[in-house]
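Here the structure is laid out as structure tokens; the discussion comes afterwards.
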Amino acid sequence: MMFTSPMKLLAAVALEADSDAIAKELLSLGALEMVSVRELPGDWASKLGKAEPKVNLARLVELRKRVEGFMGMASPPIARPALDGSVAGEPVDLEVANKRLDAIAADINGLRERQKDLQDQILKLGEIRRQLEAFGDLRTGAAASSSYSFLSIRAGLLPAGVADGLREALDGIPSVVLPSSGQEAGSASPARGQDAVGVMLVTLKRDAARVEPILERLGWEDARLPESAGQGNAEALRTVDDKIDGLRARQSACGDELSAYFGSIGAGLGSMWAALRTEELIATVRSGFARTDRTVLFSGWIPAERAAAVEAGVRRAASGACSVEWLEPGKGEAARLEVPVEMRNPKPLKPFEGLVKNYAVPEYGSVDPTPFVAVAYLCMFGLMFGDAGHGLVVLLVGLLGLSSARRSGKPDNLYRVIAYCGGAAIVAGVLFGSYFGMKWLPPLWFDYHGIVNGHEATGSVRTLYDILGITIRFGMVVLGLGFAINWVNLFRKRDWFTLLLDKAGVIGGWIYGAGAWAAFYYVAHDYRELPPLGSLALLLGLPTMILAFKAPLEFIIHGRASGKRFKPGLIVDFIMEWIVEVLEIYSGYLANTLSFMRVAGLGIAHVSLMTAFFQIARMITPEGPFSIPAVLVLVLGNALVIALEGLSAGIQSLRLNYYEFFSKYFNGTGKAYRPISFKGVQ
């Protein structure tokens, strides 16, 4: 956990017949980041061919994505099964899988078309209802229908034997069919000389082309609108409402049918996805192999601690018919290959590992800063957001978000960080005696609210200057830790020149430590006396003068090797480079240290805001217990402080880690380790 994982380069050759079994084993182990054999030095690599997959990889990807699309349509979505390689046998029959997916698509489209058609009918019936309400009675609607209305309102006669079939014939067409109670009802049709039934029909005009053939087929004969049509409006509205309710019930049943359908095919879709995804991954790994006529060659980086397990797995998959060789990073044929970086941290530290990777991946073989970032980040947040009550709210938000993320299968690192920050704020709040801006319990360290508000305090922390001093000392510890990590990294790289003479090396740490001692000496003597001149000359003057030799030594060591020749003008360059670096060290390190005063600044702002809201509440209720409006002010004030100050504290903690801490040692030139695996993200 202290350093990034040591890696080894695997180079192996096996029979081509065993390539699929080896690919499957490598995916099951999930430890190999593949490297093309062609990247290894040597002319032989260019003579190798590419091991083509036995199935069409692009087609596999297409079918797998189709399956994922169907799985996502279900409510809730069908979960993807875990892969372990057990479903891989013979290559997937892509044509059979495609036909099965086409059949599923047809079934789903049929159900969805029914849902869409029912929804269209509901919308059209809703439009009919609005039009009927606007008219007031059917006779008015009939009069207006010829010009401005969207409705067609007609009265007519139908033969008694077919009148009941009109509703069935109009099924699927939004319409209202009402029996007429006027004088036409039960009368004889002059044209046909038979008994007829009076009917009132309401449809949309745009459906006329569909309605007219039906009416002609049933023997419709227009008739005068009966006098009682004005009383038919309420019945028409009831009929429309009943039809809408019926359509919604059918729509709901259709949705239940779709859910049941997904339930019946869920297991099959999961199995198909697993088979396609497994075959796809095997084909992807196989495509990274190089081949001769009868053998395949493959290579990749593996954490050293897993090398033995990987070699055993490869030999098992190849039935012993293979040759395995291990290469060390930076040596031999692996000398020119970039080594991937694996950061090994326990699960509680994984969210902070994400914060580090968000900045950059550290250099291979360097110190993994994750544990230090976790401690520094939480300490900074607690000092800036020191309230146990507010911390409890932040903790609950983090836990709720964590629970939601787990249910939905989404990443939860952000919510873990939020929960950790809430815990840090609770600890700091207990130390400061702050609970929602109130002093429910005595502080274990010092009374932050009392000091900010000018109350008399006891102990080692009594004034705002003492609080600022705490954060400055904290910043010096963080920066000092950065120096130490940088020295360890440079020592492991055997970069002695940079270790000794770089501004973040030993000479820079010497100057920073001496400067800190001089500053504390000056403060301790009431800002009136500097350290003795001899001490300053030894502790600050000497390392400053040593820095003057950095540029000439660098030229002697590196310049001549690169073919540069000495010229008199270089002396001026050496002097200017020395002056600039000295200014950078003194001004830069002073700024880096003072930058940590923002930790105290945000903490003071946090207390000041809570004090302001309590004063506003007291202005509303000058005496006695707080009134309801005053309590409301306090609740809203606490919510505002939690939201704004919590966000500010989180951002500033991250900034101090990135730009003050990382700048002393972090070399973000690493490449993240991404092994091939059945569990890998596509």
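The values are calculated or read from the model by the stated rules, or taken from the named source; none is laboratory data. Model, not experiment: these values are computed from the prediction. Reconstructed Cβ throughout: ideal geometry from the backbone, glycine too, with neighbour counts over all protein chains shown.
Filtering the stretch 417-429 for residues that are surrounded by 16 or more Cβ atoms within 10 Å (Cβ to Cβ) and outside any helix (DSSP H, G or I) leaves an empty set. Close contacts from the stretch 541-563, counting a first residue that is assigned by TED's automatic domain parsing to the domain that holds Val580 and of a type in the set (S, T, N, Q) and a second that is modelled with pLDDT of 90 or more and not in a helix (DSSP H, G or I), with Cβ to Cβ under 6 Å and a gap of 6+ residues or different chains, come to none at all.
How many of the residues making up the stretch 657-682 are touching a helix residue (DSSP H, G or I) at 6+ places or on another chain (Cβ under 6 Å) and crowded, with 19+ Cβ neighbours inside 10 Å? Qualifying residue count, the stretch 657-682: 7.
Across the stretch 530-540, not a single residue is classified as within 39 Å of the chain's Cα centre (by Cα) and assigned to a loop (DSSP other than H, G, I, E, B).
For Phe497, the conditions (1) of a type outside the set (Gly, Ala, Ser); (2) closer than 23 Å to Tyr658 by Cα; (3) touching a His at 6+ places or on another chain (Cβ under 9 Å) all hold with the exception of (2). Determine whether Phe372 is closer than 22 Å to Ile470 by Cα and either of a type in the set (Val, Ile, Thr) or surrounded by fewer than 22 Cβ atoms within 10 Å (Cβ to Cβ) (or both). For Phe372, the condition - closer than 22 Å to Ile470 by Cα and either of a type in the set (Val, Ile, Thr) or surrounded by fewer than 22 Cβ atoms within 10 Å (Cβ to Cβ) (or both) - is met. Could you list, in sequence order, the residues of the stretch 276-295 that are in a helix (DSSP H, G or I), farther than 12 Å from Arg80 by Cβ and among the hydrophobic types (A, V, I, L, M, F, W, C)? Answer for the stretch 276-295, where residues must be in a helix (DSSP H, G or I), farther than 12 Å from Arg80 by Cβ and among the hydrophobic types (A, V, I, L, M, F, W, C): Leu281, Ile282, Ala283, Val285. When the residues of the stretch 163-187 are filtered to those that are under 16 Å from Asp222 (Cβ atoms) and more than 60 Å from the chain's Cα centre (by Cα), the one that is modelled with the highest pLDDT is Ala163.
Residues in the stretch 231-250 that are under 50 Å from the mean Cα position of the chain (by Cα) and buried (at least 18 other Cβ atoms within 10 Å of the Cβ): Val240, Lys243, Ile244, Leu247.
Against the test of being without any contact (Cβ under 8 Å) to a residue 40 or more places away in the chain, surrounded by fewer than 18 Cβ atoms within 10 Å (Cβ to Cβ), of a type in the set (D, E, K, R) and more than 17 Å from Lys24 (Cα to Cα), the options Lys357, Lys347 yield a single qualifying residue, Lys347.
Okay, residues lined up against (1) in a helix (DSSP H, G or I); (2) among the acidic types (Asp, Glu); (3) buried (at least 20 other Cβ atoms within 10 Å of the Cβ):
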| position | (1), (2), (3) |
| --- | --- |
| Leu479 | yes, no, yes |
| Ala484 | yes, no, no |
| Leu490 | yes, no, yes |
| Ala504 | no, no, yes |
| Gly509 | yes, no, yes |
| Ala514 | yes, no, yes |
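Of all residues in the stretch 393-409, none are surrounded by 18 or more Cβ atoms within 10 Å (Cβ to Cβ) and outside any helix (DSSP H, G or I).
Does Arg315 fit the bill of being on the phi < 0 side of the Ramachandran plot, basic (Lys, Arg) and loosely packed, with under 14 Cβ neighbours inside 10 Å? Answer is no for this residue.
Looking across the stretch 586-609, the residues that are touching a Phe, Trp or Tyr at 6+ places or on another chain (Cβ under 8 Å), assigned to a helix (DSSP H, G or I) and of a type outside the set (Gly, Ala, Ser) come down to Tyr589, Val599, Leu602, His606, Val607. Residues that are surrounded by fewer than 19 Cβ atoms within 10 Å (Cβ to Cβ) and either under 30 Å from Leu63 (Cβ atoms) or at pLDDT 90 or above (or both) within the stretch 292-305 comprise Ala304, Glu305, listed in sequence order. For the stretch 324-334, the candidate set comprises residues that are touching a residue at least 24 places away in the same chain (Cβ under 8 Å) and farther than 19 Å from Val361 by Cα; within that set, the residue that is surrounded by the fewest Cβ atoms within 10 Å (Cβ to Cβ) is Glu325. Can you find even one residue in the stretch 456-472 that is farther than 26 Å from Ala524 by Cβ, part of a helix (DSSP H, G or I) and within 38 Å of the chain's Cα centre (by Cα)? No, because not a single residue in the stretch 456-472 is farther than 26 Å from Ala524 by Cβ, part of a helix (DSSP H, G or I) and within 38 Å of the chain's Cα centre (by Cα).
Take the conditions closer than 12 Å to Tyr665 by Cβ and in contact with an Asp or Glu (Cβ under 9 Å, 6 or more places away or on another chain) and apply them to Val488. Does it pass? When the stated conditions are applied, Val488 does not pass them.
Go through the stretch 4-20 residue by residue and tally those that are surrounded by fewer than 18 Cβ atoms within 10 Å (Cβ to Cβ), more than 11 Å from Cys322 (Cβ to Cβ) and modelled with pLDDT of 90 or more. The number of residues fulfilling the criteria is 1.
All but one of (1) in contact with an Asp or Glu (Cβ under 7 Å, 6 or more places away or on another chain); (2) of a type outside the set (Lys, Arg); (3) at pLDDT below 90 hold for His606; which doesn't? That leaves (3) as the condition not met.
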